[in-house]
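Since the structure comes first, as structure tokens, the remarks are kept for the end.
The values are calculated or read from the model by the stated rules, or taken from the named source; none is laboratory data. What you see is a predicted model; the values in this text were computed from it and never measured. As a convention, Cβ positions derive from the backbone with ideal geometry for all residues, glycine included, and neighbour counts pool all protein chains shown. With ligands, DNA and RNA removed, areas are computed over all heavy atoms of the protein, side chains included. Shrake-Rupley method; radii C 1.70, N 1.55, O 1.52, S 1.80 Å.
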Amino acid sequence: MSRGDMAKPLLGHGSTEGDPSVTPASGRTIGVLGSGDFARSLAIRLVCSGFKVVVGSRNPKRKASLFPSAAEVTFQAEAVKKTDVIFVAVFREHYSTLCDLADVLAGKILVDVSNNTEINHHKESNAEYLASLFPACTVVKGFNVVSAWTLQSGARDGNKQVLICSNNQEAKRTVAEIAQVMGFTPVDMGCMSSASEIENIPLRLLPAWKIPIFLALGLFLCFFTYNLIRQVIHPFIREQKNKLYKIPIEVVNTTLPCVSYVMLSLVYLPGVLAACSQLYYGTKYRRFPDWLDQWLQHRKQIGLLSFFCAALHAVYSLCLPMRRSHRYLLIETAVKQAMEKKMNIWVEEEVWRMEIYISVGIIALGLLSLLAITSLPSIANSLNWREFSFVQSSLGFTALVVSTLHTLTYGWSRAFDENQYKFYLPPTYTLTLLVPCTVIIAKVIFSLPCIRHRLLRIRRGWEKGRYVKFVLPSATGEYSSGETSSNV
């Protein structure tokens with residue numbers, strides 16, 4: 001991206017226009033202590049946003065060529081004297097090297113952008129440690145969740161939020177103005193005690209995905225083992241046939257739709273359990289158990305993993321005819337039919353079953369694709385709450401129903417064929433129907449007028465057993481008060 005593009009922050013200066021209490025931050029001099037990758041990216045972004053930048057380095061002559069020509073690179077003491085807002089872009093271990101500048105730094109605003117290598121590696125946060133070394137300064141924690149790449153490429157290519165915390169409101173306001181001019185969205189996280197939480201954010205690796213990923217892997221291993229027993233081990237023991245070649249493609253392709261189907265049903269099962277809880281207790285204000293609360297919060301990730309497995313299943317299915325083993329089996333079947341002089345092998349029932357099976361599967365994959373697309377923040381933000389709820393709830397439940405039809409047409413009459421029960425184990429698809437059918441039946445029951453009306457009342461604030469006050473006129477014309485249960 002050219003610097004001309006970088007010079008156009010997404011939020012621009014318009015965010016502070018029209019407010020006489022806000023002084024435009026652009027044009028002021030900003031100091032940067034450090035000459036690493038983040039310091040260089042920060043200096044580039046500040047210069048392109050209209051700031052005057054002074055970089056403090058222990059080796060200014062050697063480091064000057066790494067920074068934009070508009071930035072002044074000088075010694076640390078000289079840089080500190082020329083500005084009141086200084087970004088400290090050095091590691092925590094090097095904070096002590098700045099102690100010689102304590103007198104010059106007095107009264108300055110220090111913006112700590114550092115991170116740790118491990119979560120909660122130190123008892124106190126880096127920002128709190130910096131504040132203890134320089135008590136005469138005002139320390140603000142910020143910009144640590146923004147990468148050097150985002151600074152160079154512009155806020156449009158990364159997370160636009162800049163988390164800020166400090167014990168000084170005026171200092172936070174100053175840093176927030178700088179972030180806005182740079183094209184970012186400042187988010188006030190409170191006082192300095194929040195610094196540890198902010199510093200831990202960049203170190204977390206997909207925290208919201210951990211449980212759904214382990215759930216998907218667990219389901220995959222269970223179904224894969226089950227299919228391995230039925231498709232590979234059973235023919236080897238009973239018929240002495242080597243079916244190991246089925247493992248890479250066929251066994252995996254049989255496992256993926258099972259995982260996708262069950263994961264999709266697990267997206268809507270916690271909603272069913274939550275509705276049952278609200279109906280049982282007659283209130284929406286009773287807190288759900290922690291496990292149910294966590295389950296509800298991970299529905300988006302579970303749904304995306306369901307779509308991922310469904311997409312892989314579609315690709316694997318398209319590749320099935322390409323296998324050499326499949327070609328050998330076709331030739332072998334054709335030779336047998338020729339030797340038996342079978343001229344017409346058309347089976348009307350199987351033809352219709354396969355046509356319906358594939359058609360319904362394509363529709364199910366299309367609905368899952370729509371759900372996945374609308375879960376993206378850029379798409380979700382363009383929808384109002386009713387539209388988003390319709391897509392994720394109504395269309396999502398439709399996707400579950402269509403997936404159930406896809407599974408049933410695959411099974412067709414196979415569930416009643418005793419040859420399908422290998423080692424007395426039922427076909428895999430019959431196992432996958434348990435949870436989805438439970439969800440569908442529960443949804444149908446909740447749609448009954450009597451239950452639906454009661455559930456809507458509860459979600460609008462009605463509570464079972466709640467007493468409400470009422471006022472009745474007495475025989476003398478005066479009004480008397482009383483209580484009655486809301487159940488009456």
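Against the condition assigned to a helix (DSSP H, G or I), open to solvent by less than 50 Å² (accessible area, probe 1.4 Å) and modelled with pLDDT of 85 or more, how does Ile458 come out, does it pass? Quick ask: steps written out before the conclusion?
Details: assigned to a helix (DSSP H, G or I): yes; open to solvent by less than 50 Å² (accessible area, probe 1.4 Å): yes; modelled with pLDDT of 85 or more: yes.
In short, yes.
Find the residue count for the stretch 192-219, including only residues that are touching a residue at least 60 places away in the same chain (Cβ under 8 Å) and either under 21 Å from His298 (Cα atoms) or not in a helix (DSSP H, G or I) (or both).
Count: 11.
Let's see how each residue does on (1) more than 30 Å from Ile441 (Cα to Cα); (2) in contact (Cβ under 8 Å) with a residue 40 or more places away in the chain:
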site: Pro257; (1), (2): no, yes
site: Val262; (1), (2): no, yes
site: Leu266; (1), (2): no, yes
site: Tyr280; (1), (2): no, no
site: Gly303; (1), (2): no, yes
site: Ala310; (1), (2): no, yes
site: Ala338; (1), (2): yes, no
site: Ile345; (1), (2): yes, no
site: Val360; (1), (2): no, yes
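What number of residues within the stretch 439-454 satisfy the criterion of being in contact (Cβ under 8 Å) with a residue 24 or more places away in the chain, charged (D, E, K, R) and within 17 Å of Gly282 (Cβ to Cβ)?
Of the residues in the stretch 439-454, the ones in contact (Cβ under 8 Å) with a residue 24 or more places away in the chain are 439-440, 442-443, 446, 451, 454.
The next check asks that each one be charged (D, E, K, R); those that pass are 443, 454.
Filter again for within 17 Å of Gly282 (Cβ to Cβ), leaving 454.
Residues meeting the conditions: 1.
Just one of Thr398, Thr409, Thr438 is open to solvent by less than 50 Å² (accessible area, probe 1.4 Å) and either β-branched (Val, Ile, Thr) or modelled with pLDDT under 95 (or both); which is it? Before you say what the answer is, go through the steps one by one.
Working: Thr398 fails: open to solvent by less than 50 Å² (accessible area, probe 1.4 Å); Thr438 fails: open to solvent by less than 50 Å² (accessible area, probe 1.4 Å).
So the residue among Thr398, Thr409, Thr438 that is open to solvent by less than 50 Å² (accessible area, probe 1.4 Å) and either β-branched (Val, Ile, Thr) or modelled with pLDDT under 95 (or both) is Thr409.
I'm trying to understand the selection: among the residues of the stretch 294-308, which are under 20 Å from Leu367 (Cα atoms) and of a type in the set (A, V, I, L, M)?
Across the stretch 294-308, the qualifying residues are Ile302, Leu304, Leu305.
State the number of residues belonging to the stretch 55-82 that are surrounded by fewer than 23 Cβ atoms within 10 Å (Cβ to Cβ), under 30 Å from Glu128 (Cβ atoms) and within 40 Å of the chain's Cα centre (by Cα).
The total comes to 4.
Kindly provide the set of residues from the stretch 352-386 that are assigned to a helix (DSSP H, G or I), under 18 Å from the mean Cα position of the chain (by Cα) and either within 30 Å of Leu320 (Cα to Cα) or hydroxyl-bearing (Ser, Thr, Tyr) (or both), ordered by number.
Within the stretch 352-386, Leu368, Ser369, Leu370, Leu371, Ala372, Ile373, Thr374, Ser378 meet the criteria.
Would it be correct to say that Asn120 is assigned to a loop (DSSP other than H, G, I, E, B) and surrounded by 16 or more Cβ atoms within 10 Å (Cβ to Cβ)? Outline the logic, then answer.
On the way: assigned to a loop (DSSP other than H, G, I, E, B): yes; surrounded by 16 or more Cβ atoms within 10 Å (Cβ to Cβ): no.
Here the answer is no, as Asn120 does not meet what is asked.
Output the residues belonging to the stretch 364-378 that are free of Cβ contacts under 8 Å to residues at least 60 places away in the same chain and closer than 18 Å to Val267 by Cβ. Before you say what the answer is, go through the steps one by one.
Keep residues of the stretch 364-378 that are free of Cβ contacts under 8 Å to residues at least 60 places away in the same chain, which gives 364-367, 370, 373-374, 376-378.
Once the filter is applied, which keeps residues that are free of Cβ contacts under 8 Å to residues at least 60 places away in the same chain and closer than 18 Å to Val267 by Cβ, the stretch 364-378 yields Ala364, Leu365, Gly366, Leu367, Leu370, Ile373, Thr374, Leu376.
If you take the residues of the stretch 230-246 that are more than 16 Å from Asn419 (Cβ to Cβ) and part of a helix (DSSP H, G or I), which of them is most open to solvent (accessible area, probe 1.4 Å)?
Filtering the stretch 230-246 for residues that are more than 16 Å from Asn419 (Cβ to Cβ) and part of a helix (DSSP H, G or I), the one most open to solvent (accessible area, probe 1.4 Å) comes out as Phe236.
If I ask for residues that are open to solvent by 60 Å² or more (accessible area, probe 1.4 Å), within 23 Å of Thr374 (Cα to Cα) and in contact (Cβ under 8 Å) with a residue 60 or more places away in the chain, which ones from the stretch 282-301 would you list?
Those that are open to solvent by 60 Å² or more (accessible area, probe 1.4 Å), within 23 Å of Thr374 (Cα to Cα) and in contact (Cβ under 8 Å) with a residue 60 or more places away in the chain: Gln294, Gln297, Lys300.
Would it be correct to say that Ser325 is closer than 24 Å to Ile213 by Cα and surrounded by 11 or more Cβ atoms within 10 Å (Cβ to Cβ)?
no
Hey, among Leu219, Leu203, Leu256, Leu269, which residue is open to solvent by 40 Å² or more (accessible area, probe 1.4 Å) and on the phi < 0 side of the Ramachandran plot?
Working: Leu219 fails: open to solvent by 40 Å² or more (accessible area, probe 1.4 Å); Leu256 fails: open to solvent by 40 Å² or more (accessible area, probe 1.4 Å); Leu269 fails: open to solvent by 40 Å² or more (accessible area, probe 1.4 Å).
Unique residue meeting the criteria: Leu203.
Being of a type in the set (A, V, I, L, M, F, W, C), assigned to a loop (DSSP other than H, G, I, E, B), in contact with a Gly (Cβ under 9 Å, 6 or more places away or on another chain) and within 28 Å of Glu199 (Cα to Cα), is that true of even one residue in the stretch 72-90?
In the first step, residues of the stretch 72-90 are kept if they are of a type in the set (A, V, I, L, M, F, W, C); the result is 73, 75, 77, 79-80, 85-90.
Within this subset, residues satisfying the condition of being assigned to a loop (DSSP other than H, G, I, E, B) are 89-90.
After this cut, where a residue has to be in contact with a Gly (Cβ under 9 Å, 6 or more places away or on another chain) as well, the list is 89-90.
Narrowing the set further to residues that are within 28 Å of Glu199 (Cα to Cα) leaves 89-90.
Taking every residue of the stretch 72-90 in turn, at least one turns out to be of a type in the set (A, V, I, L, M, F, W, C), assigned to a loop (DSSP other than H, G, I, E, B), in contact with a Gly (Cβ under 9 Å, 6 or more places away or on another chain) and within 28 Å of Glu199 (Cα to Cα).
It is to be established whether one or more residues within the stretch 138-147 are modelled with pLDDT under 90, open to solvent by less than 70 Å² (accessible area, probe 1.4 Å) and in contact with a helix residue (DSSP H, G or I) (Cβ under 6 Å, 6 or more places away or on another chain).
No, every residue in the stretch 138-147 fails to be modelled with pLDDT under 90, open to solvent by less than 70 Å² (accessible area, probe 1.4 Å) and in contact with a helix residue (DSSP H, G or I) (Cβ under 6 Å, 6 or more places away or on another chain).
Determine whether Ser132 is open to solvent by less than 40 Å² (accessible area, probe 1.4 Å), on the phi < 0 side of the Ramachandran plot and either in the same structural domain as Cys48 (by the TED database) or out of contact with any Phe, Trp or Tyr (no Cβ under 8 Å at 6 or more places or on another chain) (or both).
Against the criterion (open to solvent by less than 40 Å² (accessible area, probe 1.4 Å), on the phi < 0 side of the Ramachandran plot and either in the same structural domain as Cys48 (by the TED database) or out of contact with any Phe, Trp or Tyr (no Cβ under 8 Å at 6 or more places or on another chain) (or both)), Ser132 does not qualify.
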